[in-house]
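Taking it in order: structure first as structure tokens, then the write-up.
The values are calculated or read from the model by the stated rules, or taken from the named source; none is laboratory data. A quick note: this is a predicted structure, and the numbers were derived from the prediction, not measured. Here the Cβ positions follow ideal geometry from the backbone for every residue, glycine too, while neighbour counts run over all protein chains shown. For accessibility, only protein heavy atoms count, side chains too; no ligands or nucleic acids. Shrake-Rupley method; radii C 1.70, N 1.55, O 1.52, S 1.80 Å.
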Amino acid sequence: MDLTAYRASTSEQERTDDLVRLMPSAGEIALDIGARDGHFSRLLAERFGTIVALDLCLPRFMLPKVLCIQGDVTKLSFSDKSIDFILCAEVLEHIPPDLLPLACNELQRVCRGKLLIGVPYRQDLRLDRLTCSHCKKKNPPWGHVNQFDENVIANLFKNSAIEFISYVGHTRAQTNILSAFLMDLAGNPYGTYMQDEPCIHCGKKMPLPPPRNLTRKILTRLAIFARSLTRPFKKERAKWIHVILHPHYLKDTK
């Protein structure tokens, strides 16, 4: 993915602006989960004394006040209540479902101040999915294996108080069972194949789909038609939900 073009898009700027608006104005230590290119670490450095930029692979950027480390959100190496502010945006949707509760518990454990979560809101994971050319299995778009709404977030962060919820963007993007089935038969030619995320099943880089034969072209057209039948009835929703939480996981019992 071209991160420069992605960051410059209107929708991404809107998402970034909202996350920045929800960040504390100052603090000692901030943790940027899934730091990638350091975009948010740079913004956090304007407000905090020290920023820890964490990703599964060691981040390769260098910024003043930013310490880059390799780490896993499901097993953080920080001590209890050691971080003033944690930003975790565009991360939790990628965590394997069986490990997601562990990640959320770890975020609550190490946070002594506020925790800001950003995830897609009620995303239809059948739409724009992919078929891996290596293992022939279906993949959700962008490697998103989890769906979120207010209740899901509340259940994952039971040891935290929700202080504020913000909704960003708007979309009506959604499909239906018949259209998704037909698109699967067609090999999902319109999936997000330019993504960086590998196949969630075999772990290999997702190549572009092979050229469609006549049968698959017909199936694609039928899938698009089936989706158009229910499009007028789909309600508009936000693209992302941003939630500020205050963990009380280690609340004193004295």
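Below are the figures for this structure:
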| quantity | calculated |
| --- | --- |
| Residue in region 144-153 that is touching a Phe, Trp or Tyr at 6+ places or on another chain (Cβ under 8 Å), farther than 20 Å from residue 21 by Cα and either crowded, with 18+ Cβ neighbours inside 10 Å or not aromatic (Phe, Trp, Tyr) (or both) present | yes |
| Sole residue being closer than 18 Å to residue 93 by Cα and in a helix (DSSP H, G or I), chosen from 54, 43, 19 | 19 |
| Every residue from region 27-39 that is touching a residue at least 40 places away in the same chain (Cβ under 8 Å) and more than 18 Å from residue 142 (Cβ to Cβ) | 27, 28, 29, 30, 31, 32 |
| Qualifying positions in region 195-254 - farther than 30 Å from residue 167 by Cα, open to solvent by 40 Å² or more (accessible area, probe 1.4 Å) and hydroxyl-bearing (Ser, Thr, Tyr) | 215, 253 |
| First in region 231-246 and in contact (Cβ under 8 Å) with a residue 60 or more places away in the chain and more than 20 Å from residue 22 (Cβ to Cβ), second anywhere and open to solvent by 40 Å² or more (accessible area, probe 1.4 Å) and in a loop (DSSP other than H, G, I, E, B), Cβ under 6 Å, 6 or more apart | 234/172; 234/174; 236/170; 236/172 |
| Residue among 95, 86 that is among the β-branched types (Val, Ile, Thr) and over 25 Å from residue 140 (Cα atoms) | 86 |
| Sole residue being surrounded by fewer than 17 Cβ atoms within 10 Å (Cβ to Cβ) and either more than 18 Å from residue 153 (Cα to Cα) or among the basic types (Lys, Arg) (or both), chosen from 45, 30, 35, 5 | 5 |
| From the options 25, 77, 82, residue that is touching a helix residue (DSSP H, G or I) at 6+ places or on another chain (Cβ under 6 Å) and surrounded by fewer than 20 Cβ atoms within 10 Å (Cβ to Cβ) | 82 |
| Residues of region 159-173 that turn out to be under 16 Å from residue 229 (Cβ atoms) and either open to solvent by less than 60 Å² (accessible area, probe 1.4 Å) or among the β-branched types (Val, Ile, Thr) (or both), as a count | 1 |
| Any chance residue 128 is open to solvent by 10 Å² or more (accessible area, probe 1.4 Å), within 29 Å of residue 13 (Cβ to Cβ) and touching a Ser or Thr at 6+ places or on another chain (Cβ under 6 Å) | yes |
| Near pairs, Cβ below 9 angstrom, 6+ apart or cross-chain, from region 8-26 (touching a residue at least 60 places away in the same chain (Cβ under 8 Å)) to any residue that is among the acidic types (Asp, Glu) and surrounded by 15 or more Cβ atoms within 10 Å (Cβ to Cβ) | 15/90; 24/84 |
| Any pair with Cβ under 7 angstrom, 6 or more apart, that starts in region 46-62 at a residue that is over 9 Å from residue 30 (Cα atoms) and ends at one that is of a type in the set (D, E, K, R) and open to solvent by less than 70 Å² (accessible area, probe 1.4 Å) | 54/32; 56/72; 61/37 |
